[in-house]
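Colleague: Encoded as structure tokens, here's the structure I'll be asking about.
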Amino acid sequence: MNPTLTVLGGAAAWPNPAQGCSSYLIEADDTALLLDCGPDTLSTLRTHIDYHHVDAVVLSHWHSDHILDIVPYRYGLVYGPGTLEAPIPLWIPPGITGRLEALAASLIDPEDDPREFWTSVFDLREYGPESRITVGQLEARFGWTQHYVPCLATRIEHRNSGRVVAYSADAGLVEPLVDLFQNADLAIVEATLDDHGDTPRESRGHLTPEDAGRLARMAGVGTLLVTHLWSERDPVTVIERVNTEFDGPVIVATEGMTIDV
Ligand SMILES: [Zn+2]
Ligand SMILES: [Zn+2]
């Protein structure tokens with residue numbers, strides 16, 4: 001069986017009506033990998049699978065729209081019914097462990113241990129662009145994006161089928177992503193901005209629909225899923241703009257959609 005990708009949320013900085021922020025579930029065989037855990041996405045995860053049965057979580061960067069549902073996820077795993085067989089590996093960018101502990105410290109009693117807040121249900125592991133993560137038959141590797149904070153894009157290959165999903169996370173430039181996205185069967189690419197205005201290339205932190213299309217074309221991807229979009233953006237116009245650069249199939253992310261990779 002080929003893997004599937006389910007969009008748990010594809011909104012930009014805050015939730016759209018009936019759509020949470022960034023979170024994507026990749027399933028293959030009996031394995032489930034969660035990419036990002038943005039606000040208002042845990043409820044969609046729960047309509048799709050038992051949240052105890054996620055095999056790993058990978059957070060791309062420390063921005064609230066990609067991480068905040070990890071807090072209620074932790075509370076569900078601790079206090080909800082059901083049993084967690086083992087802590088779920090939670091992969092975070094380098095240097096972020098202290099930020100996670102500070103977030104926990106702001107929520108708990110001063111005498112409680114902020115690290116234990118997380119490690120009771122998650123196995124905290126930092127990763128970087130040199131890391132290789134294997135989850136069942138899924139193998140992930142990474143590359144830095146240009147963003148406002150350190151941010152990692154992900155390429156995931158399913159060993160059995162050879163199918164590949166690539167995820168831009170948040171990114172301001174196309175070129176650093178082309179290698180990681182090479183020949184991906186499904187490319188999940190943000191297209192947040194309407195235009196770059198006067199922002200110079202070296203200061204850009206997000207892509208436009210044309211940028212997303214250009215990445216898809218340069219990397220020779222199969223299907224392009226555009227995401228991280230404001231609800232005020234017209235999906236038809238977004239696709240038309242992507243198509244000026246990329247003539248392959250284009251899908252605009254909507255919450256709960258499942259795509260065969
Ligand atoms: Zn961001
Ligand atoms: Zn974002």
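Colleague: Might you check whether a residue that is within 16 Å of ligand 2 (Cβ to nearest atom) and under 19 Å from Ser23 (Cβ atoms) occurs anywhere in the stretch 216-225?
Modeller: Yes, because at least one residue in the stretch 216-225 is within 16 Å of ligand 2 (Cβ to nearest atom) and under 19 Å from Ser23 (Cβ atoms).
Colleague: Could you check Pro72 against (1) within 16 Å of the chain's Cα centre (by Cα); (2) more than 16 Å from ligand 2 (Cβ to nearest atom) and say which number it fails?
Modeller: Result: Pro72 fails condition (1) only.
Colleague: Name the residue that is nearest to ligand 2 (Cβ to nearest atom), counting only residues in the stretch 54-64 that are surrounded by 14 or more Cβ atoms within 10 Å (Cβ to Cβ) and without any contact (Cβ under 8 Å) to a residue 60 or more places away in the chain.
Modeller: Keep residues of the stretch 54-64 that are surrounded by 14 or more Cβ atoms within 10 Å (Cβ to Cβ), which gives 54-63.
If we keep only those that are without any contact (Cβ under 8 Å) to a residue 60 or more places away in the chain as well, we get 54, 59.
Values: Val54: 21, Leu59: 11 Å.
That would be Leu59.
Colleague: Within the stretch 199-209, is there a residue that is more than 16 Å from ligand 1 (Cβ to nearest atom) and surrounded by 18 or more Cβ atoms within 10 Å (Cβ to Cβ)?
Modeller: Going residue by residue through the stretch 199-209, those that are more than 16 Å from ligand 1 (Cβ to nearest atom) are 200-202, 209.
Still in the running and surrounded by 18 or more Cβ atoms within 10 Å (Cβ to Cβ): 209.
Within the stretch 199-209 (the criterion being more than 16 Å from ligand 1 (Cβ to nearest atom) and surrounded by 18 or more Cβ atoms within 10 Å (Cβ to Cβ)), the answer is yes, since at least one residue qualifies.
Colleague: Look through Glu101, Glu116, Glu85, Glu157 and report the one residue that is touching a residue at least 12 places away in the same chain (Cβ under 8 Å) and loosely packed, with under 15 Cβ neighbours inside 10 Å. Can you show your working first?
Modeller: Details: Glu101 fails: loosely packed, with under 15 Cβ neighbours inside 10 Å; Glu116 fails: touching a residue at least 12 places away in the same chain (Cβ under 8 Å); Glu157 fails: loosely packed, with under 15 Cβ neighbours inside 10 Å.
It is Glu85.
Colleague: Still on this model: How many residues does the stretch 13-32 hold that are in contact with a Pro (Cβ under 9 Å, 6 or more places away or on another chain) and away from ligand 2 (no atom under 16 Å from the Cβ)?
Modeller: Number of matching residues: 5.
Conditions tested, residue by residue: (1) farther than 16 Å from Glu190 by Cβ; (2) within 16 Å of ligand 1 (Cβ to nearest atom); (3) touching a Leu at 6+ places or on another chain (Cβ under 9 Å).
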{"site": "Arg115", "(1), (2), (3)": "yes, no, yes"}
{"site": "Glu126", "(1), (2), (3)": "yes, no, no"}
{"site": "Arg155", "(1), (2), (3)": "no, no, yes"}
{"site": "Tyr167", "(1), (2), (3)": "no, yes, yes"}
{"site": "Leu173", "(1), (2), (3)": "no, yes, yes"}
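Conditions (1) assigned to a loop (DSSP other than H, G, I, E, B); (2) among the small types (Gly, Ala, Ser); (3) within 16 Å of ligand 1 (Cβ to nearest atom), marked per residue:
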{"site": "Trp14", "(1), (2), (3)": "yes, no, yes"}
{"site": "Leu33", "(1), (2), (3)": "no, no, no"}
{"site": "Leu45", "(1), (2), (3)": "no, no, no"}
{"site": "Val57", "(1), (2), (3)": "no, no, no"}
{"site": "Pro72", "(1), (2), (3)": "no, no, no"}
{"site": "Pro81", "(1), (2), (3)": "yes, no, no"}
{"site": "Glu85", "(1), (2), (3)": "yes, no, no"}
{"site": "Gly98", "(1), (2), (3)": "no, yes, no"}
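Just so you know, all these numbers are worked out from the coordinates, no wet-lab data involved. Keep in mind that this is a model prediction, so the values were computed, not measured. A quick note on method: Cβ atoms are made from the backbone with ideal geometry, for glycine too, and the neighbour counts reach across all protein chains shown.
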